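K.L.:
Next up is a structure, given as structure tokens.
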Amino acid sequence: MSDGQATNKPFEPRIVAFFCNWCTYTAADLAGTARMKYAPNARIVRLMCSGRLDPQFVLAAFREGADGVLIGGCHPGDCHYQEGNYKAFRRYKLLKLILKDMGIEDERLRLEWISASEGDRVQAVMNEMAEAIRKLGPLHLEPTLLPLAPEATKELSAALQGGSYE
């Protein structure tokens, strides 16, 4: 599904990052306030818990033009909602299988456990993911491959545009 054709300007991947409010989003905030440099390719969507990430949002991100999706949550055992990150892990494993069946490369979806104090880890993961997606090239996906609920498409379109959904 990837096409690494060269164009006049270099390919810059579009990444949607779904981050847990309590850990990974706070770590991203720490990285920003500490002025750590990392790839600006990701649009961050804050969730109260990684376990609340509906798989349709991941599919909607790919359908709306994301080249990669990053999911960030609390370390196992540290979830503010007890077992949310375990639920996220189970959904992640199922999403990997679905995406594989659709011909989407494994590296385009990534799950990371990052605590609130690990701003440097956010920096490293963002840079690694941007570089990995850059090597894969853009994801050319037929929109009919991913039929979604209209609400999911609207919310993700707003997030990819940098606005908010109301």
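K.L.:
Just to be sure before I move on: is Ser164 more than 16 Å from the chain's Cα centre (by Cα), at pLDDT 95 or above and surrounded by fewer than 17 Cβ atoms within 10 Å (Cβ to Cβ) in the structure I sent? Step through it out loud before you land on a result.
P.N.:
Numbers: more than 16 Å from the chain's Cα centre (by Cα): yes; at pLDDT 95 or above: no; surrounded by fewer than 17 Cβ atoms within 10 Å (Cβ to Cβ): yes.
No: the conditions fail for Ser164.
K.L.:
Give Ser115, Ser50 a once-over and let me know the one that is under 20 Å from Ala28 (Cα atoms), of a type in the set (S, T, N, Q), surrounded by fewer than 20 Cβ atoms within 10 Å (Cβ to Cβ) and in contact with a helix residue (DSSP H, G or I) (Cβ under 9 Å, 6 or more places away or on another chain). Spell out the reasoning first.
P.N.:
On the way: Ser50 fails: surrounded by fewer than 20 Cβ atoms within 10 Å (Cβ to Cβ).
Just one listed residue meets the conditions, Ser115.
K.L.:
Restricting attention to segment 8-58, which residues are among the aliphatic types (A, V, I, L, M), more than 21 Å from Glu131 (Cβ to Cβ) and free of Cβ contacts under 8 Å to residues at least 40 places away in the same chain?
P.N.:
Leu47, Met48, Leu53, listed by residue number.
K.L.:
Here is a check on your reading of the model: is Leu70 closer than 29 Å to His140 by Cα, touching a helix residue (DSSP H, G or I) at 6+ places or on another chain (Cβ under 8 Å) and of a type outside the set (Val, Ile, Thr)?
P.N.:
yes
K.L.:
Name the single residue, out of those in segment 114-128 being among the β-branched types (Val, Ile, Thr) and part of a helix (DSSP H, G or I), that is nearest to Ile15 (Cα to Cα).
P.N.:
Val125
The values are calculated or read from the model by the stated rules, or taken from the named source; none is laboratory data. Note that the coordinates shown come from a computational prediction; the quantities given were computed from them, not determined experimentally. Note that we place each Cβ from the backbone using ideal geometry, even for glycine, and neighbour counts take in every protein chain shown.
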